[in-house]
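Readers should treat all values here as calculations from the given coordinates under stated rules, not as data from a laboratory. A quick note: this is a predicted structure, and the numbers were derived from the prediction, not measured. All Cβ positions, glycine included, derive from the backbone under ideal geometry; neighbour counts span all protein chains shown.
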Amino acid sequence: MPTKPRQLNLNLFIYPGGHHEAGWRYRDSAPERVLDIAYYQELAKKAEASKFDALFFADGPALA
């Protein structure tokens, strides 16, 4: 019985505050870019160049 070709779909999951509570302390991090749209455009371009299929921007509760 012939099988249907399978495809792997890749999704980039972005959480603006980072995925670790102390990630902002990493020497190469740039926490000031969290509110910069150019930062997310850059990430999206890198994901597209890497053949990702989707980009998901996570949200979370916050007090401003």
| field | Those residues of the stretch 5-37 which are polar (S, T, N, Q) and loosely packed, with under 10 Cβ neighbours inside 10 Å, in sequence order | value | GLN7, ASN9
| task | List every residue pair whose Cβ atoms lie under 9 Å apart, where the two residues are 6 or more positions apart in sequence or sit on different chains, the first residue falls within the stretch 31-59 and is within 13 Å of PRO16 (Cα to Cα), and the second residue, located anywhere, is surrounded by 12 or more Cβ atoms within 10 Å (Cβ to Cβ) and of a type in the set (Ser, Thr, Tyr). | result | ARG33/TYR39; ARG33/TYR40; LEU55/TYR40; PHE57/TYR15; PHE57/TYR40; ALA58/TYR15; ASP59/TYR15
